[in-house]
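All remarks here apply to the structure that follows.
Nothing in this text is a laboratory measurement; each read-out follows from the coordinates by a stated rule. The model shown is predicted, which means the values in this text are computed figures rather than measured ones. Note that each Cβ is placed from the backbone with ideal geometry, even for glycine, and that neighbours are counted across all protein chains shown.
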Amino acid sequence: MPWSRISGSVSTPKVDVAIDMGNPFLNLTVDGFLKIGTVAATRAAAEDAYHILNKGNVSRRNFEDMLKKMCREGVYWGTIAGLYVGAEYGVERIRGTRDWKNAMIGGAVTGALVSAAGNNKKDRIVIDAITGAAVATAAEFINYLT
């Protein structure tokens, strides 16, 4: 039986913004905030644009609501990303080594802080710390595979 194979590669454009805050910790934190905040704002804009066009009701109020949601989502996710990147870098500097354990500790710290800021109880904070550590560690291992 004949068969064929498709071979090729897909590359995505890479955008880097150089921001020099005078400190590597601040540079990485601001970079994480801006990159993930932009992704979150773009996702919110696409989602709201779809809902607005699906309803067929384009108005100034819908547009203003969409902008507010974009800002809210961008700041929220950008803050979490900045916190994670800063925590991971801080752990790396304290430990003096660069490995997956930094991601795990950074994820746990980020999960716990975000949960505590939401006025959650102790059990929920611990669960969120474990979740943050698991997600960050899994992402780090996936990065190693690619």
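A compact table of results
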quantity: Answer residue from segment 66-107, given it is of a type in the set (S, T, N, Q) and part of a helix (DSSP H, G or I) and is surrounded by the most Cβ atoms within 10 Å (Cβ to Cβ) among those; calculated: 102
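Yes or no, residue by residue, for (1) without any contact (Cβ under 8 Å) to a residue 60 or more places away in the chain; (2) loosely packed, with under 14 Cβ neighbours inside 10 Å:
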{"position": "28", "(1), (2)": "no, no"}
{"position": "34", "(1), (2)": "yes, no"}
{"position": "46", "(1), (2)": "yes, yes"}
{"position": "51", "(1), (2)": "yes, yes"}
{"position": "64", "(1), (2)": "yes, yes"}
